[in-house]
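*Asks:* The structure follows.
The values are calculated or read from the model by the stated rules, or taken from the named source; none is laboratory data. Worth saying up front: this structure is predicted, and the values here are computed from it rather than measured. Backbone-built Cβ (ideal geometry, glycine too); neighbour counts: all protein chains shown. In case anyone asks, the SASA skips ligands and DNA or RNA and just uses the protein heavy atoms, side chains included. Shrake-Rupley method; radii C 1.70, N 1.55, O 1.52, S 1.80 Å.
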Amino acid sequence: MTLADGKVATRLPAEDLARARAFYSEKLGLEPVEERPGGLLYRCGSGDFALFETSGAPSGSHTQMAFEVDDIEATVAELHQRGVVFEQYDMPGMTQVDGITEVPGNYPSKGSGERAVWFRDSEGNLLGIGQPVG
């Protein structure tokens, strides 16, 4: 088996696993499918991610995990109602429309660009949500 045949799974640090579990449940509507001492495993669509308890802090300076959705407006509206606070970025070559960033030419195999938003979880991990633009 090569890496190209493997499944990708994200690991995110959490200084307080109980606080992180509450955030992912209350704010994102996600529940772990498995748990062990010091870790929680989540399954979404076609991938998994895990939160692991650590005393180390996340970098939070770049997107550490992203979700791809079909309707970013509906997703943002639902998460906003749940109390998720979205980051605002002013980046060269990108525009924002109603808080959603237009990312031209991002991953051309998926379309002509992407519409995206970012937010931080309770542990400071920077998470993204994107919708490919056809």
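*Asks:* Tally Lys/Arg at +1 and Asp/Glu at -1 over every other residue whose Cβ is under 10 Å from the Cβ of D16; what's the total?
*Replies:* -1
*Asks:* To continue, here is another question. Please compute the modelled spin-label separation between V133 and A22, points set 7 Å along Cα→Cβ, answer in nm with one decimal.
*Replies:* 3.9 nm
*Asks:* How large is the helix-only mean residue ellipticity at 222 nm for the chain, computed as the sum of -39500 (n - 2.57) over DSSP H runs with n ≥ 4, divided by its residue count, in deg cm²/dmol to the nearest 500?
*Replies:* Taking each H run of at least 4 residues, the total per residue is -4500 deg cm²/dmol.
*Asks:* Mind computing the radius of gyration and Dmax over the alpha-carbon atoms of region 52-112? Å is fine for both.
*Replies:* 14.3, 41
*Asks:* Over the chain, what percent of the accessible surface lies on carbon and sulfur atoms, probe 1.4 Å?
*Replies:* 52 percent
*Asks:* Same structure, new question: By DSSP, what percent of the beta bridges with both residues in the chain are antiparallel, rounded to the nearest 5?
*Replies:* Of all bridge pairs located within the chain, approximately 70 percent are antiparallel.
*Asks:* May I ask you to compute the full-extension gain from E78 to E15, defined as 0.36 nm times their residue separation minus their alpha-carbon distance, rounded to one decimal in nm?
*Replies:* 20.0 nm is the gain from fully extending E78 to E15.
*Asks:* How big is the Kirkwood radius of region 1-51, worked out from every pair of different alpha carbons and given in Å to one decimal?
*Replies:* With all distinct Cα pairs of region 1-51 included, I get 11.8 Å.
*Asks:* Could you provide, to the nearest whole Å², the per residue accessible area of the chain with probe 1.4 Å? Show your work: numbers first, answer last.
*Replies:* Numbers: 8000 Å² over 134 residues.
With the other protein chains kept in place, the chain gives 60 Å² per residue.
*Asks:* Any chance you could run the full-extension gain for D5 through E87? It's 0.36 nm times the residue separation minus the Cα-Cα distance, nm to one decimal.
*Replies:* My answer for the length gained is 26.1 nm.
*Asks:* Let me ask you something else. How high is the relative contact order of region 66-134, given as a whole-number percent (alpha carbon pairs under 8 Å, six or more residues apart)?
*Replies:* Values: 110 pairs, mean separation 24.7, N = 69.
For region 66-134, the relative contact order is 36 percent.
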